[in-house]
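Contents: one structure, followed by commentary.
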Amino acid sequence: MVETPRGLGLLGVLGIVLATAWGSAAHAQEVEGWLRWRGPEQTGSSREQGLPEDLDPAGENALWSHELAGRGSAVVTGERVYTMGYRGQGAKLQEILTCLELTTGKLLWEHGFSDFLSDIIYERYSIGAPTIDAQTGNVYALSSPGLLVAFSADGTPLWERSLLEELGRLTFPNGRTGSPAIDGPLVVVNAISTSWGALGPGRNRFFAFDKHTGALVWTSTPGTPPKDSSFSTPVFAWRDGRRVFYAGTGCGHVVCVDMASGAPVWRYRISAGGVNASVLVAGNRLVAIHGKENLDTTSSGRMLALDLRGEVGVDGVLSPEAELWRNDLLMFTSSPTLVGERIYQVTATGDLCAVDLETGRVLWRKRLADEQLHASPLAADGKLYVPLWGGEIFVLRPGEEDAEVLSKVELAGSCLGSPTVWRGHLLVHTTEKLYCFKRPEAAPAAEAAVEIAGPAEPGTSLCLLPGDFALRPGEEVQLRLCQVGPDGLVELDLDGASFEVVGAAPRAPAPDVRVNAGGLLRAGGSASAGAGGVRIVLGERSAECRVRVLPAQVALDFEDTALNQQAPDGTAYAHPPGAWIGGRLKWQVRKLDGSNVLTKTLDRVLFQRTMTFLGSVDQRGYTIEADVRSDGTRRLQSNVGVICQRYIIMLEGNWQELQVVSNHDRVKLGVPFAWKPRTWYRIRARVDTTADGGVVVRASAWPRDEEPPEGWLLELPLDLGHDHGAPGLFGFSPQSRYAVQIDNVAVYPSDTNTGDE
């Protein structure tokens, strides 16, 4: 059932489906290639022939290599190869979207993206693949901290969305990022998020954006509270006359979602933890695998098949009778490959297995290594190409009872990405290099593009764009009513349409915005923040969007906040401002020593590390201040602070320091600062841009009742810095033991100099 919060109608979906047929013209290809992870057939298999058997980097089939660490897969169209990798150490580490010439490996262009505010550890970056749009040739990528970016084929930036700061996307230490998925006019990403209003609870969500503009079209929440992260990439198909996708989720489900609207079609839980592998779809069968604890046994791991014609209950759950078969194969993140009636899967213990699609019977197992992570097999030219975590890549010829090893080669680094093939070229990315292999003889003709058949009728699914956005007092935005049809998002005439502004929750005040008959929305001139939505009605059809109004400056002491909620223990509290990203379930306004203060909640382990954003991603040149406090003991305190332009400035309890961090493994600097539990301190921070394009992060802290120190206690210059980013609040309560409190929050423009007083 589509997420439909009372008072906002279908704002959780941001698009209302009236008919779900998309015309096949929406999928006409202008470019060919291996355009997405798992290839044109979405199965990890290719119809190409004449591919190399020997992948020795010093052998005759080695065409070129490019020095760039990576943990994902390349994509190819024409003479262009795109891949995501990473380069540098410490604060200079960046993820790199790279474009190379296919036949020579010549660098054509690249763009770098620095990490920020993630909790990724070690160098777990670039775990995914870019995606090429078949209609335009544009390329899309998702960075590890959540920048969704679009570029033209020549490297011109088209648009960028910060999913963390705009939509509350969470990161996890494992760095599982995955790939954007494109179908028709939309680009879809899979994420665990906690935003505002009805989208405040932490859930595994799918976000669909207009591939041309980056405007959010819909948000889908098809599952239940997550147990794990998931980077399962959507697999698209036609089902019962409508376009859908299938994917695994962090709540242990396999889900089916309507592509036109984001409306969940069904879900089926297969695991107590997250499902990370992508699924296989073969006719009326869906095959999935996981590596977490099973729901009905004490063992872990299972592969199973579902009948896609199964009945769906009124609760949106696929009938248990839809399960066709199961076996005991275990794999966390490596996806299965399909060739005809055979499934090929590498298990977590390094076994290559052949499975019968009809029955699920494991036909044979072949031990290749002691363990495996991420990389999925490629099937092509009657061979299997199997990269392994240890750095080896096997080339095998599968048979009825076994697989013959044709070659085994050690590559530099670890292999976590899946191979790519196009026009006789085989590409493998490791944590040191991108390798390209090709037999010396002439390349075979490229395989024909796979036709995606579907209904020819135009779609009539409506969306109001932009679907989720923020304004400051006095700012305007032009709303567009669009129909998802065979030619993409087609704008409709607003003649006769009516608009209604609604609050973010039942009985909540509506945001201070006005919309004229032409769809021009203007935020009022008041300084107060608010959040809600706008509903458009056109005849018998309607659609909605979400809007936040942000104050020009922030000055909050919470004293006027009515404590109108009651906790289970009887404590009175209030929710934080509705326009905050990731605030509602992470913070509460409570009484402390006779005053209202913001207190971090401790009842959700998922939110023990909490980031909440008060403003918009484009803010720069501001100073943020706040009073902060931590419960605890002399030896154990939680961490608390503020966020300024993608840097956390905090008091670190166990280290007794004032720290600046962005990612703990990349940017971190601390100075001694002795602070006590249950005592108030004030933090001040700003980020200044230098003449050479770098930044300096500046911060101070002092006991609240004392005068601030002269100058800055901490200054951190960075060559590759962030010159913009949303202001926010930070709290970290390890194991959810001790709360932190924040009060007297202020965000205001910094003075015009660079801070070099």
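The values are calculated or read from the model by the stated rules, or taken from the named source; none is laboratory data. On a predicted model such as this, the values are computed, not experimentally measured, just so you know. All Cβ positions, even for glycine, are placed from backbone atoms using ideal geometry, and neighbour counts span all protein chains on display.
Just a few scattered comments:
- Hey, SER662 farther than 18 Å from TYR622 by Cα and within 33 Å of the chain's Cα centre (by Cα) or not: no
- Count of region 720-749 residues which are under 10 Å from THR610 (Cβ atoms) and small (Gly, Ala, Ser): 3
- Any chance VAL386 is assigned to a strand (DSSP E or B) and either farther than 14 Å from SER418 by Cβ or at pLDDT below 95 (or both): no
- Qualifying positions in region 239-283 - among the hydroxyl-bearing types (Ser, Thr, Tyr) and out of contact with any helix residue (DSSP H, G or I) (no Cβ under 9 Å at 6 or more places or on another chain): TYR246, THR249, SER261, SER271, SER278
- In a residue-by-residue description of region 75-82, the property of being hydrophobic (A, V, I, L, M, F, W, C) and farther than 22 Å from TRP422 by Cα applies to no position.
- Test result for GLY316, more than 21 Å from ARG38 (Cβ to Cβ) and in contact with a helix residue (DSSP H, G or I) (Cβ under 7 Å, 6 or more places away or on another chain): no
- The criterion of being over 26 Å from GLY582 (Cβ atoms) and of a type in the set (Val, Ile, Thr) holds for VAL696.
- Scan of region 12-45 for residues that are in a loop (DSSP other than H, G, I, E, B) and at pLDDT 90 or above, ordered by number: GLU32, LEU35, ARG36, TRP37, ARG38, GLY39, PRO40, GLU41, GLN42, THR43, GLY44
- Top-ranked residue of region 552-583 - restricted to ones that are part of a strand (DSSP E or B), aliphatic (A, V, I, L, M) and out of contact with any helix residue (DSSP H, G or I) (no Cβ under 9 Å at 6 or more places or on another chain), ranked as nearest to SER193 (Cα to Cα): ALA574
- Pairs meeting the criteria (first residue in region 520-539 and touching a residue at least 60 places away in the same chain (Cβ under 8 Å) and in the same structural domain as PHE499 (by TED's automatic domain parsing), second residue crowded, with 16+ Cβ neighbours inside 10 Å and aromatic (Phe, Trp, Tyr), beta carbons under 8 Å, at least 6 apart or on different chains) are ALA531/TRP196; VAL534/PHE499; ARG535/PHE499; ILE536/PHE499.
- When residues of region 404-432 are limited to those that are surrounded by fewer than 23 Cβ atoms within 10 Å (Cβ to Cβ) and part of a loop (DSSP other than H, G, I, E, B), the one nearest to the chain's Cα centre (by Cα): THR431
- Of everything in region 598-631 that is more than 31 Å from the chain's Cα centre (by Cα) and surrounded by fewer than 23 Cβ atoms within 10 Å (Cβ to Cβ), the residue that is modelled with the highest pLDDT is ASP627.
- Checking GLU67, GLU48 one by one, the residue that is among the charged types (D, E, K, R) and at pLDDT 95 or above is GLU67 and no other.
- In region 734-745 there is at least one residue matching the filter, namely being small (Gly, Ala, Ser), touching a Lys or Arg at 6+ places or on another chain (Cβ under 9 Å), surrounded by 15 or more Cβ atoms within 10 Å (Cβ to Cβ) and not in a loop (DSSP other than H, G, I, E, B).
- Test result for GLY252, more than 18 Å from ALA181 (Cβ to Cβ), at pLDDT below 95 and over 15 Å from the mean Cα position of the chain (by Cα): no
- Cβ-Cβ under 9 Å pairs, at least 6 apart or on other chains, region 42-58 side aliphatic (A, V, I, L, M), far side assigned to a loop (DSSP other than H, G, I, E, B): LEU51/ASP381; LEU51/GLY424; LEU51/LYS438; LEU51/ARG439; LEU51/PRO444; LEU55/ASN61; LEU55/LEU411
- Of the candidates PHE613, PHE607, the single residue that is more than 20 Å from ARG682 (Cα to Cα) and among the aromatic types (Phe, Trp, Tyr) is PHE607.
- Wholly within region 80-154, strands (runs of 3 or more DSSP E) carrying at least 2 residues that are free of Cβ contacts under 8 Å to residues at least 60 places away in the same chain, of a type in the set (Ser, Thr, Tyr) and crowded, with 22+ Cβ neighbours inside 10 Å: 80-87
- Those residues of region 584-597 which are part of a loop (DSSP other than H, G, I, E, B) and buried (at least 22 other Cβ atoms within 10 Å of the Cβ), in sequence order: ARG584, LYS586
- Qualifying positions in region 179-199 - assigned to a loop (DSSP other than H, G, I, E, B) and without any contact (Cβ under 8 Å) to a residue 60 or more places away in the chain: PRO180
- Top-ranked residue of region 202-222 - restricted to ones that are out of contact with any Pro (no Cβ under 8 Å at 6 or more places or on another chain) and assigned to a loop (DSSP other than H, G, I, E, B), ranked as surrounded by the fewest Cβ atoms within 10 Å (Cβ to Cβ): THR213
- Of the criteria (1) farther than 21 Å from GLY85 by Cα; (2) outside any helix (DSSP H, G or I); (3) at pLDDT below 95, which one GLY175 fails: (1)
- A single entry from LEU186, LEU199 fulfils the requirement of being in contact with a Phe, Trp or Tyr (Cβ under 7 Å, 6 or more places away or on another chain) and either outside the structural domain of ALA531 (by TED's automatic domain parsing) or crowded, with 24+ Cβ neighbours inside 10 Å (or both): LEU186.
- Exactly one residue out of VAL642, VAL661 is surrounded by 21 or more Cβ atoms within 10 Å (Cβ to Cβ), aliphatic (A, V, I, L, M) and in contact (Cβ under 8 Å) with a residue 40 or more places away in the chain, and it is VAL642.
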